1. Using +1 at the C-beta of Lys and Arg and -1 at the C-beta of Asp and Glu, which of 36, 256, 161 has the Cα lying farthest in the positive direction of the dipole of the chain?
2. Compute the separation of the alpha-carbon centres of region 178-203 and region 115-158 and state it in Å as a whole number.
3. Anyone know which of 16, 78, 164 comes out most mobile in the 10 Å Cα GNM of the chain?
4. Using a 1.4 angstrom probe on heavy atoms only, work out the carbon and sulfur share of the accessible area of the chain in %.
5. Taking +1 at the Cβ of each Lys and Arg and -1 at the Cβ of each Asp and Glu, which of 187, 52, 241 sits farthest along the dipole of the chain towards its positive end, judged by Cα position relative to the Cα centre?
6. Compute the Cα gyration tensor for region 118-162, then decide on rounded, prolate or oblate, letting a ≥ b ≥ c be the square roots of its eigenvalues: rounded whenever a/c is under 1.5, prolate when a/b is larger than b/c in the other cases, and oblate in all that remain.
7. As I understand it, the value is the acute angle between the Cα axis of helix 83-113 and the longest principal axis of the Cα atoms of the chain; what does it come to in degrees, rounded to 10?
8. How big, on average over all directions, is the shadow cast by the Cα convex hull of the chain, in nm²?
Amino acid sequence: MASQDSNHQLYYVPAQSKWPIVGSIGLLVTVVGAGSMMNSLSAGTGSTVGHWIFFAGALILAYMLFGWFKHVVEENHQGLYSPQMDRSFRMGMGWFIFSEVMFFAAFFGALFYVRTLAGPWLDGAGAKGDTAMLWPNFEFTWPLLQNPDPQLFPGPTETISPWQLPLLNTIILISSSVTVTFAHHALRAGKRAALKGWLALTVVLAVVFLGLQLAEYVHAYNDLGLTLNSGIYGSTFFMLTGFHGAHVLMGTIILFVMLLRIQRGHFTPERHFGFEAAAWYWHFVDVVWVGLFIFVYIF
């Protein structure tokens, strides 16, 4: 720990930790597993080795996350953190959310590129209209139900209506953003009972959202023919909504952990950045879903 003088605050420097290397190993195993899964799907071999490697990596990452955050919580309760450390945590969470914004920006960019450039080019529009010679009978519309090669990539029979499950999920997720805000205000006001109630309701809404999204996927695969193999529309749809669903799942776990910590008496009206970080992440997930609802389901 650094010495303190009139111009500097105490800044806690932790001892050497195993968690960074554990996290690196977990990421490596997860990526290798994901690559093996994709290769198996492309080759049509149906091998499950990649799945087991992927899940092993995910378990290692979960072990790292719970262990590392457990140490951070313990250090905080020991009074080792200063206001400078709190600012570091806030900056770190801000950069993490920014990286997630760029993550989804790439996927939205792929969607817009297909819809405004690549698709119309294949139909003969624009400066690269000569690409229409590849598929002379192809007519581009979005959502794309008739693919250039329908035998290899059979298109879906119809699209998902935005005014049924997607609209309901939008209402649910926006409502959960409101309830987590109420929980935050209750925490700052020292109203522990209200805090627990609003946060528990947020977790319930999140679980309902995930259940409805799963039902939507089942409906898309079984009734609409909308699959990962149904062309660019299916690929972009499941890429965007699937990764968002994974983020909702992670956010739900984070909020549930916050609820467990609150049950144990953690957080005070003055010191509760762990809860704030969870709320920031949840608001980010909600904003992304609004973009998905508009650009994937409606337009």
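The values are calculated or read from the model by the stated rules, or taken from the named source; none is laboratory data. Quick caveat, the model's predicted, so the values are computed rather than measured. Cβ atoms come from the backbone with ideal geometry, glycine included; neighbour counts cover every protein chain shown. Remember, those area values only see protein heavy atoms, side chains included, never the ligands or the DNA or RNA. Shrake-Rupley method; radii C 1.70, N 1.55, O 1.52, S 1.80 Å.
1. Value computed over the given set: 256.
2. 50 Å
3. Top of the fluctuation ranking is 16.
4. C and S atoms contribute 69 percent here.
5. 187
6. oblate
7. For helix 83-113, the angle is close to 0 degrees.
8. Projected over every direction and averaged, the Cα hull of the chain covers 20.0 nm².
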